[in-house]
Amino acid sequence: MTSPFNGACPAPFLDESLFPKSGGFVPGRACALNPLEGPNATSKCCIPCPIFDYVYADDFKGMTDGAAWVHVLGFILCGFLLISMAILPVSATRRTFLNIILLVGIMLLELGFIIPLARQPEQCHNAITPNDMNTSTTCAFSGAFAAFGGMTLVTWILIRAFFMHLQIVWDMTPTKYHFLGANIGAWTVTIGLVSAVLAHAGVSFRFGGYCHVNHTGSIPTYWAWLLAFGGLAFVLQLLTFAYCIKVYLQAALLRAPTHALSNSAASSDGYTGTGTGTGTADPSARKNSAAAFSAQSRTRARAARAAARRVRQVLQLQWRSLAIVALAIFTTAFVCVVFIVLDNKQEKLALANTEASVPWITCMILTRDNERCLGETGPIVISQRITVATLFVLAVVGVEAFGLLCRREVFGAWVEAGRKGWRGRGRAAFWRRRRGKGNYMMGGPEPEFDLVGRNESFGAAGRGDRLGSAGGTVSPAQRVVTPVERGGVVEESSLEKADRKVSTASAEPPHAL
């Protein structure tokens, strides 16, 4: 199909010289020197806007809208969770400040795709130039929501991983001052970086009718920071896992049979030499030494089992948080890499190296059918499957968060609220239960539902106990009290008595990772 704007370019390509040099996102034009004119080419030919109508299949727009509908579903589910956390008892929702901020960040990100889906704005300012935040209000708001929500999500995932690392490895429970500092730092960084990327790079309609961050100037102000925060969260996650594995292995290595050390003690410490090549065994020394080593070995074995059990309890209580961090890190890395590769491939290969685009250009000139030329688009853009997969990976974040943060107790609490909470007699009691016994950073009672989840029902470590410390494994250098023989009966050592109780003996904790 010919156009008066073809100029010196063969259809369906358009001559850039026939369009104004301002209006819309001019750097977003897909223009290059006409390769058909040879090395002395002077005219620039452009792919009509939107370019993905020409380099991708006809169903690409429908796929991007499908990803946006997944965002709608995630937005509804996350909103339901937020409302539940605001109304229902903390025992049902397990609400924490970090969960609330996480849901808010996800919903902001999803608004960046829901707004264009609802309004279906015009993508192009003219036949070769896409709209940007300066020429489209919808693009400005949706792109800002997407950029701000993405940065908020990754920043608070890093804080979540950091607080979890502090609690599990260093036994430091974050206080309100930690959360205050985290809020000041996180929101300052998020607002500053998003403002920088909007000022230096901006957003425009990139593909599928949705606004994304532009490539020029976005790597140092946005994508690099996302990758850095995600990478740091990944390192903290690895260190936390490594510490748990270290404690578990340390516990496994200490599970030696108690009779091994006692037999060794009986054969060595219980023998007294005479200096003439013969010796006699001292029954009292042998008895006391064997009892001491037996007590120590039994204590270490019990402590080893307690440490392994405690690691399992922590993982049982925190697998949701660990999974959220892992999924967020994967999503961040995948989206960042694909967007950066997509931009570089489009700018460097398609526009600078026009020879790589000649097969596709020739096919389009001869057939003018994008479906028949899809096999030649490899040098121009990243494959459609990877692009669509990226959009869906980003879209399912809200659904994943709902699946990990929502519990069956939430629905039961809503049923109870419907039956009792809104009646005159049960309303006061319901709201008293909703408030809980305390307000631990909007997370309910502190000892029961903090980050590590020290829940008494699981028999987890106390406030002063730390995985790998006296509450976890026993230091080899600990002091064993020698049993005392009273009336011919060897009593338990003080260490055995302490271990037989719920609390363990005091010991020097091994160094944390």
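Each value in this text was obtained by applying a stated rule to the coordinates, not by laboratory testing. Remember, predicted model here, so these are calculated numbers, not experimental data. Using ideal geometry, Cβ is built from the backbone for each residue, glycine included, and neighbour counts are taken over all protein chains shown.
Per-residue 3J(HN,Hα) values for the stretch 148-155, derived from phi via the Karplus relation 6.51 cos²θ - 1.76 cosθ + 1.60 with θ = phi - 60°, read 5, x, x, 5, 4, 4, 5, 4 Hz in sequence order (x marks Gly and Pro). All alpha carbon pair distances within the stretch 64-141 were sorted into 5 Å bins beginning at 0; the resulting P(r) in whole percents reads 3, 15, 19, 17, 14, 11, 9, 6, 4, 2, 1, 0.
Using the 10 angstrom Cβ neighbour count as an exposure proxy, how do Thr138, Thr188 rank, fewest first?
On the way: Thr138 20, Thr188 10.
Ascending number of Cβ neighbours within 10 Å: Thr188, Thr138.
As a rough footprinting exposure proxy, the listed residues Tyr243, Tyr222, Tyr177 were ranked by other beta carbons within 10 Å of their own, and the order from fewest upward is Tyr177, Tyr243, Tyr222. Ranked by how many other Cβ atoms sit within 10 Å of their own Cβ, fewest first, the residues Trp414, Trp223, Trp156 fall in the order Trp414, Trp223, Trp156. Placing dummy labels 7 Å off each Cα toward the beta-carbon, the span from Thr188 to Thr216 is 3.3 nm. Taking every alpha-carbon pair within the stretch 373-416, the share separated by more than 15 Å comes to 64 percent. Reported to the nearest whole Å, the Cα centre-to-centre distance from the stretch 387-405 to the stretch 162-218 is 19.
Run the numbers for Ile83 and Ala8: contour at 0.36 nm per residue of separation, minus the present Cα-Cα distance, in nm. Please list the in-between numbers first.
Numbers: separation 75, 0.36 × 75 = 27.00 nm, distance 5.98 nm.
Length gained, Ile83 through Ala8: 21.0 nm.
With the cut-off at under 17 Å, measuring from each backbone N in the stretch 44-67 to a point 7 Å along the Cα-to-Cβ line of Arg372 picks out 54-58.
If R0 is 22 Å, the Cβ-Cβ spacing of Leu180 and Ile340 corresponds to a FRET efficiency of close to 0.05.
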